[in-house]
Amino acid sequence: MAALVLLAPTYAVFVPAAWQRVQARGGTPSTAAFHGGACLLGECAVTFSVAGERVTARLPVGTRSGGHDSGDTVTVRHPPGEPGRAVLADDTGRAGVALLLAVPLGATLAVCCAARAVSSRGRGARRSGPARAS
């Protein structure tokens, strides 16, 4: 049960980040100013104009900034009508989505293997206990 509690945040972070990239693939491209931070942790942003209004959008977890510094000009894509859900245009490929989905999958496999090892150890200890006299 504790394993499920540990896995839930992994899915809650990485699956939506992957989905956001998929939605932005065919989205509207815009030129934006990059604002640095820890991009892999979702702490960087971009500012761009949409229909004459300036929009600042936080980039999703797992964004690969590619060495961009604050103030650099980058291309972003966002789903139509949702400029606040922008992603870097270079970050919408299948490989990026696959990597984001590999994290929760790997965590699930690790938890399953650990649970199996603990379960096997518990059964082995019970079997090797002292023999009962009849």
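The values are calculated or read from the model by the stated rules, or taken from the named source; none is laboratory data. Worth saying up front: this structure is predicted, and the values here are computed from it rather than measured. Note that we place each Cβ from the backbone using ideal geometry, even for glycine, and neighbour counts take in every protein chain shown. These area figures cover heavy atoms from the full protein model, side chains too; ligands, DNA and RNA do not enter into them. Shrake-Rupley method; radii C 1.70, N 1.55, O 1.52, S 1.80 Å.
For region 15-132, what relative contact order do you get, as a whole percent, if you take Cα pairs closer than 8 Å and at least 6 residues apart? Contact order relative to length: 28 percent. If you take all other residues with their beta carbon under 12 Å from the beta carbon of Q20, and give Lys and Arg +1 and Asp and Glu -1, the sum is +3.
Quick one: dipole size for the chain, taken about the Cα centre, charges +1 on Lys/Arg Cβ and -1 on Asp/Glu Cβ, in debye to the nearest 20.
Result for the chain is approximately 1200 debye, rounded to the nearest 20.
Sorted on the mean count of surrounding Cβ atoms within 10 Å across their residues, most packed first, peptides 59-69, 3-13 read 59-69, 3-13. In sequence order, region 80-97 has phi-based couplings of x, x, 10, x, x, 10, 6, 9, 5, 4, 6, 9, 9, x, 5, 5, x, 5 Hz under the Karplus curve 6.51 cos²θ - 1.76 cosθ + 1.60, θ = phi - 60°, and Gly or Pro positions carry x.
For region 7-20, putting each phi into the Karplus relation 6.51 cos²θ - 1.76 cosθ + 1.60 with θ = phi - 60° gives couplings of 6, 4, x, 4, 5, 5, 8, 7, 5, x, 5, 5, 5, 4 Hz, in residue order, rounded to whole numbers and with x for Gly and Pro. Close amide H contacts of G42 (hydrogens built in the peptide plane, cut-off under 5 Å, sequence separation of 5 or more or a different chain): G62, T63.
Would you kindly calculate the mean projected area, averaged across all directions, of the convex hull enclosing the Cα atoms of the chain, in square nanometres? Computed as one quarter of the Cα hull surface, the answer is 11.0 nm². Evaluated at 4 °C with a viscosity of 1.567 mPa s, what Stokes-Einstein diffusion coefficient in µm²/s does region 20-70 have when Rh comes from the Kirkwood expression over alpha-carbon pairs? Answer from the Stokes-Einstein relation: 112 µm²/s.
Can you tell me how much longer the chain between T10 and D72 gets when fully stretched, taken as 0.36 nm per residue apart minus their C-alpha distance, in nm with one decimal? Don't skip to the answer; put the middle values down first.
Numbers: separation 62, 0.36 × 62 = 22.32 nm, distance 3.08 nm.
Stretched fully, the T10-D72 segment lengthens by 19.2 nm.
Rounded to the nearest 500, the helix-only mean residue ellipticity at 222 nm of the chain stands at -15500 deg cm²/dmol, with each DSSP H run of n ≥ 4 adding -39,500 (n - 2.57). Across the accessible surface of the chain, with the other protein chains kept in place and a 1.4 Å probe, carbon and sulfur atoms take up 60 percent. Near the amide H of E82, within less than 5 Å, lie no amide hydrogens of residues on another chain or at least 5 residues away, with H placed in the peptide plane.
Along region 110-119 the Karplus relation, 6.51 cos²θ - 1.76 cosθ + 1.60 evaluated at θ = phi - 60°, assigns HN-Hα couplings of 5, 5, 4, 5, 5, 5, 5, 5, 5, 5 Hz to successive residues, with x for each Gly and Pro. On a per residue basis, the chain carries 63 Å² of accessible surface, using protein heavy atoms and a 1.4 Å probe.
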